[in-house]
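Below you'll find the structure, written out as structure tokens, and then a few comments.
The values are calculated or read from the model by the stated rules, or taken from the named source; none is laboratory data. Given the structure is predicted, the values throughout are model-derived calculations rather than measurements. Every residue, glycine as well, gets a Cβ built from its backbone with ideal geometry; the counts of neighbours run over all protein chains shown.
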Amino acid sequence: MSKYTFRSIEEKWQKYWAENQTFAAKNAVDQPKFYVLDMFPYPSGAGLHVGHPLGYIASDIYARYKRHKGFNVLHPQGYDSFGLPAEQYAIQTGQHPSKTTRDNIARYREQLDRMGFSFDWAREVRTSDPDYYRWTQWIFIELYNSWYDPDLNQARPIQALIEIFESEGSAGLKQTMDALESDFDVAQWKNFSDLEKEAVLSHFRLTYLAESEVNWCPELGTVLANDEIVNGVSERGGHPVVRKKMKQWSMRISAYAQRLLDGLDQLDWPEPLKESQRHWIGRSSGASVCFDVAGHSDQIEVFTTRPDTIFGVSFLTLAPEHELVSKITTSAQAKAVEQYVEATAQRSERERMADVKTISGVFTGAHAIHPLSGAEIPIWIGDYVLAGYGTGAVMAVPCGDQRDFDFARHFDLPIPNIFQNIEVTQEAYTLKEPCVIDNSEFLNDLNYAKAFKAAIEALEAKGYGKGTVNFRLRDAVFSRQRYWGEPFPVYYKNGVPRMIEFEHLPLTLPEVSAYLPTEDGDPPLGRANLWAWDTAECKVVSLDAVDHQSVFPLELNTMPGWAGSSWYFFRYMDPKNQDEFAGKEALDYWGNVDLYIGGSEHATGHLLYSRFWVKFLFDRGFISVDEPFNKLINQGMILGESAFVQRSKDGKTLVSAACAKDKEVQGVHCDVSMVSVNNELDLEAFIAWRPEYQNATIIKEPDGSFKVKREVEKMSKSKFNVVNPDDICDQYGADTLRLYEMFLGPLEQSKPWSTAGITGVHGFLKKLWKLYHTGAQDGFLVNDEAPSPEALKVLHKTIKKVNEDIEQFSFNTSVSTFMIAVNELTSLRASQRAILEPLIVLMAPYAPHIAEELWSKMGHNSSVSGQPYPVFEPKYLVESSKTYPISFNGKTRFTLELSLELSKDDIEAAVMADARTQDQLKGRMPKKVIVVPGKIVNIVG
RNA sequence: GCAGAAGUGGUGGAAUUGGUAGACACGCUGGACUUAAAAUCCAGUGGACAGUAAUGUCCGUACGGGUUCAAGUCCCGUCUUCUGUACCA
């Protein structure tokens, strides 16, 4: 009997696929397209562990399935090879990031190839490749040369805005939050200097240079975007983050807030993911209200979602960073205010968040005038007001907002009640309904909705406010004080940023003497010998040449990691194009990604930025789709099962897990490779690895074994619980790995990796192999006889189920379906071509190597890939009769064999005619007979 | 605090979307083959009770109620666990 030699089979077919370009996608053919994409990996130094391929296997199954279904499938892969970790790794190992990145990619590729993925490698992209980032730089320039027209609700060339200024000035423009300080007319515009004009335009450009409060991470030596900060510390490394004012490039994603929100409704994405984007965009409607400051010409603008409570305002609170703080503070309060502002500035974001319960603040001494009642109300400063949200100032309504209430209580400020019949002495009443307004002049006796409207109308009439919509979404900081990223195609002429003409791109990364940024944020590119732009020669020259008339300094920052990943899915469509980021024909043919698989951790980063860039490229007519990813699936994370050796506190005793119950012990990570499936530790190996336990006392189980404690954690090198897919491929083969990862459970669910059940899946493949070799000595026995009805039934049952499973992405159940099919066909001794050939095609997406081998043994000399998917024929499943359970009052009494051809009434009649029914009824008349055809008959007596 | 998802044997997980709960696999038990082990194959495996047995009856999908001839599935309440998010005015 021929043996299932998976190693040679897998090697053979991987080679075959590579040589024959089996999975090359064709551009613009007369065939329906399907684009299946994985979130491309970050080639880290650690290589892949078994968790990484989960999504790749799922997408590969789907891609292969779609090929069988007659689609022209684009299923590419590449590398997100710019960014912080690659650089950190380079700093640690003292090598050039381009070298470590290349090495890491080579390792990744080797691992990926072993798993038999059907990627079209001819289309590979790398974000750190100059041929690629040339186009990232191009998009940056296009963004710079565009503005968002709120009238047309789309991005347009900046030239159109300049023409408006030249012909009618600024007065006619609808403004957003980032308004101009004052309007200007045509004559004024013409008199502006270049610097002044640029200052005006920078309020409109979709990427702009601005002095802004940023999240500065001293440890990493760079600024971070909001989505790169988790719980007040950096996502990478967990370092503290402080706020700092710096001149930075920003992306005006806020211009797209409403469209990014609206677009979500059309997408087939998991609801939790959409929710988290909605929350991140954070639309809230309310009113902006202006308060005059007594004795000053300045106004304080606040945003509120509760204009209906405007008569409940008893003070204003400004964020400590608010620009008017120093201006309006009275001399008597100056010292206290200064101290308070200083103290808050020194606290890191994390401290501020950790300590939300402590109420702090200080009085400015100034007063504001209530726009409707005319009352004087004190202006306070408090750090519960965030500079980054709304206007950085709030109108405090202590009776209607708990934070305002707490602040008022703490500083003994008045808490006027404006709600009828509601007690607000203990806590604020924060509900909108049910409540009726009181003590509020013309708002009295109105409910929330009516008062909301009336208050806004009154404010608008007086010119002190208007109804507005506020978004939480901030513009994204786009500069990083880092080396390993895309250089900005920007030089500075008299302090004004200028774009390098496109034909001179890419602007490639220069060599530098050290990659590490300085702690106060001087970027590594400042160390480059050659980093100035010669506008005459159109090339990079030495900074020493800056005196020369045509030479100007280049931007020293680089772009963030998400720059390259925001558009890579388009480059796969036409990766070699030198004239465009992708050709129009390719873009129109492939459209957008039909199926995108990746982790949910990118909800507010990559997945939001990509949508922003795609909408921009759409507005400017470069592409014809305005959303990048139609359907998205978040694969769950595969967790590691860490192993802990229990030891006494002093480290002198090692205790086996089951004996450690009532002893005081602590767990020490040990490498999972030293632990067997039943949790038994290879003590010798452990002590060789950790010699400090050489002389430790060892307490074993009564049976002499030493057991470890297991715990589920994230898979990571530092937890010694990493399982390498290479090892699984060596031991069981890639097909087993693929099937097993799918078999583990639903794709979207997180689950721990356990090798325990893998033998079941491996055994199944052996059985499958055997099925095709029945009877013959060494050979393959497949005959051309007519298949039995039973075998046909098994086949078509399987076709139907597997088809349904794939379409619903429940790959785990189709693996079970295959197991059942093979078991049944084995016991039927089915060896007919008409059964076994379709079965191969059915299995090919899941276990492609063994499928190819069996397919070729069938006598075919082409790949099984793309062979027509077997068609389900219902006639093979039709049974001549079915056994119905007959139940009385819901309890099954007996079963009855009935023909399927019978109608509902016929079944009922047949049941009633049966002697056993009559016996059960004992002469009574049934109240009701319920018949569900094909399922059940219930008689209610 | 808010939002979302989930809770089924010893374990991972099925259940045609309201129709015979526990498919399939792991593990475990017993058996076959073997000097032995591994591998392989066969049988059993939710619980309780009755029976020599085939089998039968009852209880069972976190907990408490409800709708229905019929509920793991739908509705109400409670508890628990994950996963986001958090002074958002």
Check: From the list A:Ile158, A:Ile162, which one is more than 15 Å from A:Trp567 (Cα to Cα) and in contact with a strand residue (DSSP E or B) (Cβ under 7 Å, 6 or more places away or on another chain)?
Finding: A:Ile158
Next item on the list: Would you tally the residues in segment A:679-694 being without any contact (Cβ under 8 Å) to a residue 12 or more places away in the chain and of a type in the set (S, T, N, Q)?
Entry: 1
Checklist line | Within segment A:504-556, tally of residues that are within 17 Å of A:Ser98 (Cα to Cα) and of a type in the set (Gly, Ala, Ser) | finding: 3
Next item on the list: Can you work out which of the residues in segment A:243-272 that are within 15 Å of RNA strand B (Cβ to nearest atom) and not in a helix (DSSP H, G or I) is surrounded by the most Cβ atoms within 10 Å (Cβ to Cβ)?
Entry: A:Trp269
Margin query: Looking at the structure I just gave you, is A:Ala46 closer than 30 Å to A:Pro487 by Cα and modelled with pLDDT of 95 or more?
Written below: no
Checklist line | Check on A:Pro725, closer than 28 Å to A:Ile806 by Cα, within 28 Å of the chain's Cα centre (by Cα) and surrounded by fewer than 16 Cβ atoms within 10 Å (Cβ to Cβ) | finding: no
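One line per residue, one yes/no per condition, for (1) polar (S, T, N, Q); (2) on the phi > 0 side of the Ramachandran plot:
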site	(1), (2)
A:Leu446	no, no
A:Ala455	no, no
A:Gly463	no, yes
A:Glu486	no, no
A:Val496	no, no
A:Met499	no, no
A:Thr535	yes, no
A:Phe552	no, no
Note to self: Just to verify a result, which residue in segment A:653-683, among those that are at pLDDT 80 or above, surrounded by fewer than 20 Cβ atoms within 10 Å (Cβ to Cβ) and over 41 Å from the mean Cα position of the chain (by Cα), is nearest to A:Thr697 (Cα to Cα)?
What the structure shows: A:Thr653
Margin query: If a residue must be in contact with a His (Cβ under 7 Å, 6 or more places away or on another chain) and near RNA strand B (Cβ under 10 Å from one of its atoms), how many such residues does segment A:357-382 contain?
Written below: 1
Check: From the list A:Thr817, A:Thr798, A:Thr826, A:Thr813, which residue is of a type outside the set (A, V, I, L, M), within 14 Å of RNA strand B (Cβ to nearest atom) and crowded, with 24+ Cβ neighbours inside 10 Å?
Finding: A:Thr798
Next item on the list: Those residues that are part of a loop (DSSP other than H, G, I, E, B) and more than 22 Å from A:Pro270 (Cβ to Cβ), I need them from segment A:592-624; list them, please.
Entry: A:Arg620, A:Gly621, A:Phe622, A:Ile623, A:Ser624
Note to self: With the requirement that a residue be among the charged types (D, E, K, R), surrounded by 14 or more Cβ atoms within 10 Å (Cβ to Cβ) and touching a strand residue (DSSP E or B) at 6+ places or on another chain (Cβ under 8 Å), what does segment A:422-451 give you?
What the structure shows: A:Asp438
Check: Can you name the condition, by its number, that A:Gly704 falls short on among (1) surrounded by 13 or more Cβ atoms within 10 Å (Cβ to Cβ); (2) at pLDDT below 80?
Finding: (1)
Next item on the list: Taking A:Glu741 as the residue in question, decide whether it is among the acidic types (Asp, Glu) and modelled with pLDDT under 80.
Entry: no
Notebook entry, point to check: Restricting the search to segment A:345-360, which residues are in contact with a strand residue (DSSP E or B) (Cβ under 9 Å, 6 or more places away or on another chain) and at pLDDT 70 or above?
Noted result: A:Ala345, A:Gln346, A:Arg347, A:Ile359, A:Ser360
Margin query: Quick check on my filter: what residues within segment A:744-776 are within 6 Å of RNA strand B (Cβ to nearest atom) and either in a loop (DSSP other than H, G, I, E, B) or of a type outside the set (D, E, K, R) (or both)?
Written below: A:Leu744, A:Gly745, A:Pro746, A:Gln749, A:Ala756, A:Gly757, A:Thr759, A:Gly760, A:Gly763
Item checked: Flag if A:Val385 is buried (at least 23 other Cβ atoms within 10 Å of the Cβ), within 12 Å of RNA strand B (Cβ to nearest atom) and either within 30 Å of A:Asp520 (Cβ to Cβ) or modelled with pLDDT under 90 (or both) -> yes
Notebook entry, point to check: Taking into account only those residues within segment A:723-743 that are free of Cβ contacts under 8 Å to residues at least 60 places away in the same chain and within 13 Å of RNA strand B (Cβ to nearest atom), which is farthest from A:Arg64 (Cα to Cα)?
Noted result: A:Gln731
Notebook entry, point to check: Within the set of pairs 6 or more residues apart or between chains, which connect a residue that is free of Cβ contacts under 8 Å to residues at least 12 places away in the same chain and of a type outside the set (A, V, I, L, M, F, W, C) inside segment A:538-561 to a residue that is surrounded by 20 or more Cβ atoms within 10 Å (Cβ to Cβ) and outside any strand (DSSP E or B) with Cβ atoms less than 7 Å apart?
Noted result: none
Check: Of all residues in segment A:273-322, which are acidic (Asp, Glu) and either closer than 19 Å to A:Phe405 by Cα or within 11 Å of RNA strand B (Cβ to nearest atom) (or both)?
Finding: A:Glu275, A:Glu301, A:Asp308, A:Glu321
Margin query: Where the second residue is near RNA strand B (Cβ under 10 Å from one of its atoms) and assigned to a helix (DSSP H, G or I) and the first is more than 16 Å from A:Asn634 (Cβ to Cβ) and lies in segment A:269-296, which pairs have Cβ atoms under 6 Å and are six or more apart or on separate chains?
Written below: A:Ala287/A:Pro307
Note to self: Looking only at segment A:829-874, count every residue that is surrounded by 16 or more Cβ atoms within 10 Å (Cβ to Cβ) and either over 26 Å from A:Asp113 (Cβ atoms) or in contact (Cβ under 8 Å) with a residue 40 or more places away in the chain (or both) and tell me the total.
What the structure shows: 29
Check: Just checking, which of A:Trp533, A:Trp562 is surrounded by 18 or more Cβ atoms within 10 Å (Cβ to Cβ) and over 30 Å from A:Glu627 (Cα atoms)?
Finding: A:Trp533
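Matching residues to (1) among the β-branched types (Val, Ile, Thr); (2) within 16 Å of RNA strand B (Cβ to nearest atom); (3) over 24 Å from A:Gly51 (Cα atoms):
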residue	(1), (2), (3)
A:Trp562	no, yes, no
A:Trp567	no, no, yes
A:Glu585	no, no, yes
A:Tyr589	no, no, yes
A:Val593	yes, no, no
A:Gly605	no, yes, no
Item checked: Residues of segment A:115-130 classified as surrounded by fewer than 19 Cβ atoms within 10 Å (Cβ to Cβ) and among the aromatic types (Phe, Trp, Tyr), total -> 1
